[in-house]
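Some notes on the structure that comes next.
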Amino acid sequence: MKQYQKLLLGFVLGIIVGLIGYYSFPEKSYPFMKTVTDLCTLTGAIFLKMIFMVVVPLLVSALMLGVYELGKGRNLGKVAAKSLMYTVALSVIAVMLAVTMTNIMQPGAGVEFDKEALAKNQGVISINKNVQLAQNKPWTTYITDLIPQNPIDSAARAFGGEIIAVMVFALMFGYAMSMVIKEENHPLVRMLQSIFDISLKIIDWAMRLAPYGIFAIVFNTTYRMGAGFLTNVAYFAAVVVLSILIQQLVVYSAFLKIFAKTNPWEFFKSCKEAYVYAFSTASSNATLPIALETAEKTLKLPPKISRFVLTCGASANQNGSGLYEGVVLLFLAQVFGVNLSIEQQIIVVLTAVLGGIGTAGVPGGTLPIIAILCVNVGVPVEGLGLILGVDRFLDMCRTTLNVSGDLVIAKLVSASVTEEELNATGSIDC
């Protein structure tokens, strides 16, 4: 079997076996299931941690090398500008699509629930604490936090919200390298290339465990939630999934066809392994190594561009997250009867686009951003308790769109920069 087929099989079997376990072998009646879920937790954790442990060295080395190679010529400014242009364009379209679909389908109309019980939900309490901490920070802190005082410390806390700071450091360091290092085959460049190659080797080991890790993760999710994780607040989930499908199959396809002159269906088929990883892990950062490999080996994109676009995009290009934030904000506004004017909905679009860019590329990374946006437009944060049961499944869906968007932008940028321009050398123009 091919690797993506093994991953898909692990995912499908995880759902089937998990549902059988949930309805036929409840943990209260069958204590041995506790051991089974513990073993699955262990397997899934080993698989994910093998990937997560090399994300920082992979991201730093790939971004430094990408910026260094682009900066040697006159391409850094051009590639960065095109990447930003496509990121903003696709993000705005995604959020506007979300707002339009939610206004048309009205998934929050007529929803009834116990507000007092919802306010006592542990997930809601945790989210509220995060919002209070964020509100106590002055706006200037958000800007200064982008520049790490200690890059090593920021790298150690990358998955605690400082991954963007690590990326800023890598961008600046790579750009400085392109200005200082003049000789070919410099030891520092060779070292970074070795770190990149070694990180990919460790990912190769993780890929051998991947089918079992994905089975374990999906089994545990299904066993603990039953079919509820697919049906809870089903109409809301349907709006999110439908919006994601339109963004993927219509918007991305149109951009690939018009601007990259590429058959979108062949492109999506080539990316299937990255999509399965993204869907299974619900993490853009965890999927980064697979996305880089797909871009360079399967799509044959120039490494200079793919490394720059994909490493930045893993945290900065979150089309799916921005789309999801737009749907959730309007859904909760409908639930609580908060009438948002056109002006307020425009603010929702803008804040969701920015929120998507600032979302951490890890499972559940969207919820803190949504909570802050809720406060900004006057929607009670407690409403997030309504979607916590289905959030994991939707997280898997929107992460797949995020990763797909990164690969699409890498292709669009590659198609707009000629090989001669890419290999040109000279003074830096950015």
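The values are calculated or read from the model by the stated rules, or taken from the named source; none is laboratory data. What you see is a predicted model, and the numbers here were worked out from it, not measured in a lab. Note: ideal-geometry Cβ built from the backbone for every residue, glycine included; neighbour counts use all protein chains shown. The protein model used for the area step is the full one, side chains on, heavy atoms only, and it has no ligands, DNA or RNA in it. Shrake-Rupley method; radii C 1.70, N 1.55, O 1.52, S 1.80 Å.
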Worksheet item: Does the range 163-224 come out rounded, prolate or oblate, given a ≥ b ≥ c as the square roots of the eigenvalues of its C-alpha gyration tensor, rounded meaning a/c under 1.5 and, failing that, prolate meaning a/b above b/c?
Response: oblate
Worksheet item: When all protein chains stay in place, what accessible area (Å², nearest 10, 1.4 Å probe) is found for Glu266?
Response: 110
Worksheet item: Between Ser283 and residues 5 or more places away or on another chain, which pairs have amide H atoms under 5 Å apart, with H built 1.01 Å from N, and which residues are they?
Response: none
Worksheet item: Given 0.36 nm per residue, what is the gain on full extension from Ile143 to Ala156 after removing their alpha carbon distance, in nm?
Response: 2.7 nm
Worksheet item: Once you sort the root eigenvalues of the Cα gyration tensor of the range 20-80 as a ≥ b ≥ c, which label holds: rounded (a/c under 1.5), prolate (a/b larger than b/c) or oblate (the other case)?
Response: prolate
Practice prompt. Grab the Cα-Cα distance for Met1 and Ile104, subtract it from 0.36 nm times how many residues apart they are, and report the gain in nm with one decimal.
Written response: 32.8 nm
Practice prompt. Could you list which residues have their amide H under 5 Å from that of Thr262, counting only those 5 or more apart in sequence or on another chain, with H placed in the peptide plane?
Written response: Lys257
Response to the item:
So for R0 = 45 Å, FRET eff. of Ser341-Ile202 from the Cβ-Cβ r, to 0.05, ends up at 0.30
Worksheet item: Hey, can you rank 148-158, 397-407, 167-177, 302-312 by average C-beta count inside 10 Å, highest first?
Response: 397-407, 302-312, 167-177, 148-158
Discussion item. Given R₀ = 45 Å, what would the calculated FRET efficiency be for Met179 paired with Ala234, taking r from the Cβ atoms and rounding to 0.05?
Written reply: 0.25
Worksheet, complete the sentence: Quick shape check on the range 205-325: root eigenvalues a ≥ b ≥ c of the Cα gyration tensor, a/c under 1.5 is rounded, otherwise prolate if a/b tops b/c, else oblate, and it reads oblate
